[in-house]
Every structure is written in structure tokens, then in C-alpha cells.
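Read through the structure below, which is laid out as C-alpha cells, and then see the notes.
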Amino acid sequence: MGFSMKNRTPIAVILTTASLCFAALPDRVLGQELNAEAKSKEAVEARNKRNAQIFQNNASILTFLDRYGKPTGQIGERAIYEAAALSPDGKRVATIKDDLENESADLWVFDVATGRATRFTTSARTEFADSPIWSPDSGRLAYTAMRKGQEGIYIRAATGQGAEELLYKNPGAFMNLTDWSSDGRFLSFAISDIKGGALYILPLEGGPERKAIEIFHSDLRVLWPRFSPDGRYLSYVMLDKANRREVFVRPSDPAVHEGPWQISDGSFRSAYWVHGGKELYYVGRDRSIMAAEVSTSPSFSFRKPRIVFRQQVAVPDTLMYINRDGERFLVLPPALGQQLQQISIFNREGKVVKKVGDPALYSNPAFSPDGHRLLVVQNEIKTGQEDLWVLDIETAKATRITDDTRIKATPMWSPDGNYIFYTALLDGDWPVYRKAADGTGKEELLFRYTPGAFVALSDISPDGKFLVCDSGNVILLVPLAVSDPAARKPIDYLRDEFDDEAGRVSPDGRFIAYRSDEVKPERFEVYVRPFDAARPVAEDKKWQVSKDGVFGSEPFQGPITMLHWRGDGKEIFFRGQELDSNDLVMMASDVETTPAFRAGSPKVLFRLPGPIDGNVGAVSRDGQRFVLAINVPADKTAQSSESK
Amino acid sequence: MISRARLLGLLLLAFAALLASQANAHHNMTAVFDFNDRVTFTGTLTAVDWRNPHTYFTVEVKGAGGAIESWQSEGPAPSFFRIRDVGKADFEASVGKTVTVEVSRARDKSRFGLIRTFTLSNGKIVSACPQNC
């Protein structure tokens, strides 16, 4: 027995340890294939139905736009695409396409003229290919792939003939391979994690021991390094701690001390050198295609960016690639088409009783405790921000709560209606904050968990003494009695071998409802357990409330939880599991909490055609009204804060 | 367990690598572990802690001077194994026996790491990648 340690410089370790690991794994390892239960007919059918819903809600068709933003054609079938790159000769498109059933993604190449598709990779379950880039002569493709737990850069003839060649092994994962230099000698990639990021170039000369050259590293994350046509500069995108993205340019030679130059004033995706390096195109924060006139000789210089075109739609397409001629743009239109959301209030029969405001990109509507206001998340295309707003139900008057670029999640009202609680991604963490519900005053930090941990806020106890949070499928309670936020330590209310989440405290503070997949993997049910604030750890005693599953077995339904107690504690609402359609099925169970807990049989209140996101706070305290953001066809003039 | 591919498809505006690791765990892997610092150790598996949000395995390893050192390794969540072809019983069957573990070491250089591969006492290899890579 013994151990060996390999603690060297990163590049040396990349080459040494990666090769050891790669060589050590046999063809088949445990942990990637499903077990017998997961392969049962019932489980496979349920998984297939969930995958069909995911596909329906996320698949789109690659579409070409011209330099005016007008669609000129489509290519390939409807699919969930992760990446796309047009060959320099304009004849083929390399794409990464998801395989939901296999939990993998693979490289496909489409012929632009004929639409014929050629599959380039076949990944094992849970593994993937990513980041295709073309050689300058369009004769070869490079891409990253995860194989037997080892990520590497591979290269292959663009005809699909012949074997692929492994160019480089990465010790971690999620290399952001981006570009191939015009002289054909280098590849560029970025690696970023919570500690920051670095830009690299990889010389293609040499053999398997070739070493990547670090160009630049930062404590901020960096993405998408692209060579200027003369190879002297790299454009890239840097993300600050609040998720704001900007396009920068710096020399590709780390020995040259010039720049960097910030080109953009808000950006979304990669930048592209076009017109022989005379312009740099990128997506502005409002999703307009922007162009900066640039020069790389004798040194780099640029002029103020101008708009190339602004998409004349309410919900912009996702840019996938810009051709070097600046004439062709590959985009993915929204999977569900041009749809905004109308905030709508329903009664217990599922009839609309009130529409609030005009359609916009809304999500997560939640009733205030007094039932007169709504908390909503609005995605504003013009600012590139997602912010929290409070709407008056009668007048639709809007009050802004946040105004920044952070991603916000799990917003909710305080029990007294005076504050808005929420989480916001900052520097890799998800701290919990609160801010006054009238929009005044400063944001107050309430709780910060393990660095980098995702925390979903699921409730605030009725007495305001505890936050209820989900993290890692554990239900946590955070005592707020401790005055110093840094000293607030979470208590494990429920930590199991299976997934427990979405804890909601009963109005009398004596129980917590939650959902769990303890009986069957990938199938959640609602349970209730006693809660004692003096000893806030779950007892073994529990009661099952739902019978036929609840919405939420797909992990990304996780934060969007509809599980509610009526204000008098006599009814529990939840969203039923519906595998055969996107419909929202609102369920209710009569319950009693005194002298002991008892739950009646769940019944369907109403069914609405989906897709519709549910939300914490979607049910009014009296249990008579339900607020949802309903998809409606977009009027291209209706978007954003113009409605306020 | 969510796949990276599915994750990316649903969160186009999010930073992929960051969120990919966050969605699977209660902490960001790269915040705690250095993926460029790999360690492989062989020893006796003495404990299995099988609970959310991660599994933990304790291995007693004979160091260079003959002293016994205790290494802790972190594996995927139990829910990952519930639908996979390897489970709790496979690990528990290796308790008291010799196992080999390859980890990405903790950034604080303690005897703690994130599992990449775990060779059970029967010689079967469990891969925690790509979840832990």
C-alpha cells in the first residue's frame, strides 16, 4: 500500500497525470450505465416522456440571417444544439447536438447545399463532444470531447473519413475551445472556474506532448478567445463578479505588453473578427449585432462600436456564429417561438379573473401576503438584465426592487409583506438577501453558504425566525436570530440518501411540507413532517400528501416549486406530475394540523395548457387565486419596460 | 442526475462550467478542489458515509515512513448512484479491504480529495467523471 502525489505546475500536470488517468481506465467502468430499476419499462417510459417535454420546450432549428437580420434559410433538423460553426468556405456547418436519452452530446456536420448530416462522434452515456472549430482551409475539424472521464482536444478530417487524433489532454473539464489561427498553426481556448480563468493557445506543431501556452490569467472568468486574422491579437469575453460580460482585445503574445482594450459596453456572447480583421462583431447587451472598426497595425486601435442590425422581434434569437465575411449569421430562434408572458390570475376553476399589466418576459409571479401586489422577475432585453419588480394588481403600477446584472433566483415575500427575499449569483456564490418591498433602501445580506454552493430559498417561517433553503437536496434551516449574517449557521432539517427539497412551513409553524423521491428515484411526492423551532431537526414521523407524483422530477423543475399551504393551514396545493403533456395540473389536498396532522385525498383543481412555470408564492393566502405567467404570442412592440 | 448537455441547453445565458458543477453539488467543485493536483492512493477502506449532498469514503493509507494516514474522498451524491449500475452495497462490500482511489486534491492540501476513479476491492473501477471532472 502507498500513495503517489503529483503536484507540479499546471501544464506539466496536464500532460503527466492526464495520460496516467487516461491509460488506466478500462473500456467499461461502473457509474455511467443505468441500473436494472432505471432500465425498467416504467422508468424508461417516464424518462422518455420527460425528455420529450424537454425537447419540445428547448429544441430549435439553426437559421441563417443576412447582414440585415433577415432569415435566409435553415439547416438541419429541430434539435437541442449547444454549438455551431460555419466552415470558412461556407459549405458546411459543424454542430453539437444533445442526445437526451443517452445524456450525451455529439458532433454532427451539415452540408449547407444539401442539408445532408454526417455524424462525427458517438459519445458514451453521460459523456460529450463540444466546441467544434474549423481549420482555415475548411479541411479539418477540431473539437473537445469527454472520453472515459478524460477531456481532450481532438482533430479529424472534415470529410469524416479516417481516425481522429488526440491533440491535447485536459486535467479538468469544460475547456472552451474557440478558434484556429489563420496560419493554421495554433488553437485557442479558455479554461475558467470559480477561482478565475485563463486564455491559452496550443501550437499544433509537435507530438502528443505539445504544451499549451498561457496568454493571460485573471481572477475573473474569461471565455471565447479568437485570433485576429494576422494572429497578433486575441479577442475574448470577460465576466465580472456580478456576471457582466465585456469584449476585450489583448496581444496573443504574452511578452507583448499592450492593452487590453475594452471594446463593448455590455455583451452577451463571443466576438468575431470579420472583413479581414477590419471589424470586430459581437452581440450587444440588448442582443443587437454590434461592429467596432479595428486596426491591428502598427498596434491595436478601435473606434466606437455601431449597430449592424437590431433584431425586430420581441424575443431575440440566440447567436451561434458569425461568418468571417460579416454577411451570414447562424442563430437559434426561441424554441417556443415569439412568446411573452401575460401575468394572469386564475380562480379555483382555472378561469382567468384578472390580467395584470402587459405581456413581457416575466417569470415567478408571487402574491404578497395581503393579496394586493405581485412580485415578479422580469428579463429586460434592452438592459440585458433580469430584475425583481413589484406590481400593484389593480393598477399594474410597477416598483423596481433590483437593478443589476446578477442572476436572481427564488424571490419571495416576507411573511409581513414588507420585504422581498431572494438569492443572487455573485462571484460564484448564491447569497440570500432582502430588500424593502417598496424598493427603497439598500440590499441587506442575510446568509452566505459554502463558497460556490447553489442555495435555493424555499420559505421563511411565519414568525420570521428561520429561512428555509435547499442545497444539495438537503433542507436547511437558517436561524435569523443571530444578528451577524456571517455567523448564521444552517441547521440540517432533513438530510437523507435521497432528494428532499422545497420545504414549506405550515401557517401555524408546526409542520414542514416538502417533496422527496425517497420511494422511487426520479419520482417525487409531497410529504409533511413535524417542525419544532426549539429542536429544528426532522422527526422520523411523516405523512404522504400526494399520491401520483408531483411536478419536479426533472432537476430543472427544481427551483420552480409549487407547494403551498393555505393561510389557515387547512389545504395544501401542489403541481401534479403530468408526463403526457406540458399541461399544468393544480392539485389540492384538504389537511388538518390539529390535534394531529391528517391529509385527505388529493384532487385536481384545474388543468391549464402549458408550458407554464409554476412558482413559490403562486397561490394567494386564502387559496382562492392562483397567479401564473402565461405564454402569449409576442407583439414585437410590447416588450420590456415600455409597458410600465 | 442532470447531464451537462441538458444543463447547457436549458441555461444558455448562464456560465456553463460554473453552473454545471453547481447543479450537481452543494458546493462548486473548483472552489474546494484543484483539478490540476491529482493524487492516487491505495489503502484499506474503513468508512462509507452515504448521504446527501455527497458521499464520503475514508481510506487508511500506509505512508512513506510506515505511519498510517487517513485520507478522505468525496464522491457524487447518493442520488447519482440510485439509478446507476453501481451502488451503496458495492462500496460497503469493500469496507475492510484494499481499494485504490484517484482524486483531485483539496486546495488546502489536506488529505482530502474529489474522486475521479475508485477501484473497489473486487477490482471493478467506478468512474465519477464527468460529474467530478
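Could you tell me which residue of region B:115-128 is farthest from the other protein chains (Cβ to nearest Cβ), considering only residues that are more than 9 Å from the chain's Cα centre (by Cα) and touching a residue at least 12 places away in the same chain (Cβ under 8 Å)?
So, considering only residues that are more than 9 Å from the chain's Cα centre (by Cα) and touching a residue at least 12 places away in the same chain (Cβ under 8 Å), the one farthest from the other protein chains (Cβ to nearest Cβ) is B:Ser121.
Within region A:433-447, identify whether any single residue is more than 14 Å from chain B (Cβ to nearest Cβ), within 24 Å of the chain's Cα centre (by Cα) and of a type in the set (Ser, Thr, Tyr), and answer yes or no.
Within region A:433-447 (the criterion being more than 14 Å from chain B (Cβ to nearest Cβ), within 24 Å of the chain's Cα centre (by Cα) and of a type in the set (Ser, Thr, Tyr)), the answer is yes, since at least one residue qualifies.
Quick check, is A:Val591 at pLDDT 90 or above, assigned to a strand (DSSP E or B), under 26 Å from A:Lys49 (Cα atoms) and in the same structural domain as A:Pro415 (by TED's automatic domain parsing)?
no
Is region A:490-497 home to any residue that is assigned to a loop (DSSP other than H, G, I, E, B) and among the aromatic types (Phe, Trp, Tyr)?
Looking through region A:490-497, none of the residues is assigned to a loop (DSSP other than H, G, I, E, B) and among the aromatic types (Phe, Trp, Tyr).
Just checking, how many residues over region A:130-144 are more than 18 Å from A:Trp224 (Cβ to Cβ) and among the small types (Gly, Ala, Ser)?
Final tally of qualifying residues: 3.
Would you kindly identify the strands (runs of 3 or more DSSP E) lying entirely within region A:403-459 that contain at least 1 residues that are free of Cβ contacts under 8 Å to residues at least 40 places away in the same chain and either surrounded by 20 or more Cβ atoms within 10 Å (Cβ to Cβ) or touching a Ser or Thr at 6+ places or on another chain (Cβ under 9 Å) (or both)?
So the answer is A:408-413, A:419-424, A:432-436.
Of all the strands (runs of 3 or more DSSP E) wholly in region A:138-243, which have at least 1 residues that are over 30 Å from A:Lys278 (Cβ atoms) and either away from chain B (no Cβ under 14 Å) or in contact with a helix residue (DSSP H, G or I) (Cβ under 9 Å, 6 or more places away or on another chain) (or both)?
A:140-147, A:150-157, A:165-170, A:186-193
Could you check region A:30-64 and list, in sequence order, the residues that are in contact with a helix residue (DSSP H, G or I) (Cβ under 7 Å, 6 or more places away or on another chain), surrounded by 16 or more Cβ atoms within 10 Å (Cβ to Cβ) and under 30 Å from B:Asn122 (Cβ atoms)?
Listed by number, the list is empty, since nothing qualifies.
Cβ-Cβ under 6 Å, sequence separation 6+ or interchain: first residue in region A:79-107 and more than 12 Å from chain B (Cβ to nearest Cβ) and closer than 14 Å to A:Ala145 by Cα, partner part of a strand (DSSP E or B) and among the aromatic types (Phe, Trp, Tyr). Which pairs?
Qualifying pairs under 6 Å: A:Thr95/A:Tyr81; A:Thr95/A:Trp108; A:Leu107/A:Tyr143.
Can you confirm whether A:Tyr68 is touching a Lys or Arg at 6+ places or on another chain (Cβ under 8 Å), in contact (Cβ under 8 Å) with a residue 60 or more places away in the chain and assigned by TED's automatic domain parsing to the domain that holds A:Thr159?
It is false that A:Tyr68 is touching a Lys or Arg at 6+ places or on another chain (Cβ under 8 Å), in contact (Cβ under 8 Å) with a residue 60 or more places away in the chain and assigned by TED's automatic domain parsing to the domain that holds A:Thr159.
Can you confirm whether region A:268-279 contains a residue that is in contact with a strand residue (DSSP E or B) (Cβ under 7 Å, 6 or more places away or on another chain) and of a type in the set (Val, Ile, Thr)?
yes
Considering only residues of region B:55-89 that are in contact (Cβ under 8 Å) with a residue 24 or more places away in the chain, buried (at least 18 other Cβ atoms within 10 Å of the Cβ) and within 19 Å of B:Asn122 (Cβ to Cβ), which is farthest from the other protein chains (Cβ to nearest Cβ)?
B:Phe57
If a residue has to be buried (at least 19 other Cβ atoms within 10 Å of the Cβ) and either part of a loop (DSSP other than H, G, I, E, B) or free of Cβ contacts under 8 Å to residues at least 40 places away in the same chain (or both) to count, how many in region A:463-474 make the cut?
5
Quick one: A:Asp508 ticks every box in (1) away from every other protein chain (no Cβ under 11 Å); (2) farther than 30 Å from A:Lys41 by Cα; (3) charged (D, E, K, R); (4) crowded, with 17+ Cβ neighbours inside 10 Å bar one, so which box is it?
Here A:Asp508 clears every test but (4).
Tell me, which residue of region B:90-103 that is outside any helix (DSSP H, G or I) and within 8 Å of chain A (Cβ to nearest Cβ) is farthest from the chain's Cα centre (by Cα)?
Among those that are outside any helix (DSSP H, G or I) and within 8 Å of chain A (Cβ to nearest Cβ), it is B:Thr98.
Residues of region B:34-76 being of a type in the set (Gly, Ala, Ser), part of a strand (DSSP E or B), farther than 15 Å from B:Leu114 by Cβ and out of contact with any Asp or Glu (no Cβ under 9 Å at 6 or more places or on another chain), which ones?
If the condition is that a residue be of a type in the set (Gly, Ala, Ser), part of a strand (DSSP E or B), farther than 15 Å from B:Leu114 by Cβ and out of contact with any Asp or Glu (no Cβ under 9 Å at 6 or more places or on another chain), then B:Ala47 is the only one that fits.
Please go through region A:594-611 and give me each residue that is in a loop (DSSP other than H, G, I, E, B) and more than 22 Å from A:Glu45 (Cβ to Cβ), ordered by number.
A:Thr594, A:Pro595, A:Ala596, A:Phe597, A:Gly600, A:Ser601, A:Pro602, A:Pro609 - these are the residues of region A:594-611 that are in a loop (DSSP other than H, G, I, E, B) and more than 22 Å from A:Glu45 (Cβ to Cβ).
Across region A:479-502, what is the total count of residues that are within 14 Å of another protein chain (Cβ to nearest Cβ) and either out of contact with any helix residue (DSSP H, G or I) (no Cβ under 6 Å at 6 or more places or on another chain) or surrounded by fewer than 23 Cβ atoms within 10 Å (Cβ to Cβ) (or both)?
10
The values are calculated or read from the model by the stated rules, or taken from the named source; none is laboratory data. Just so you know, these numbers come straight off a predicted model, no measurement behind them. Heads up, the Cβs are rebuilt from the backbone with ideal geometry, glycines too, and the neighbour counts pull from every protein chain shown.
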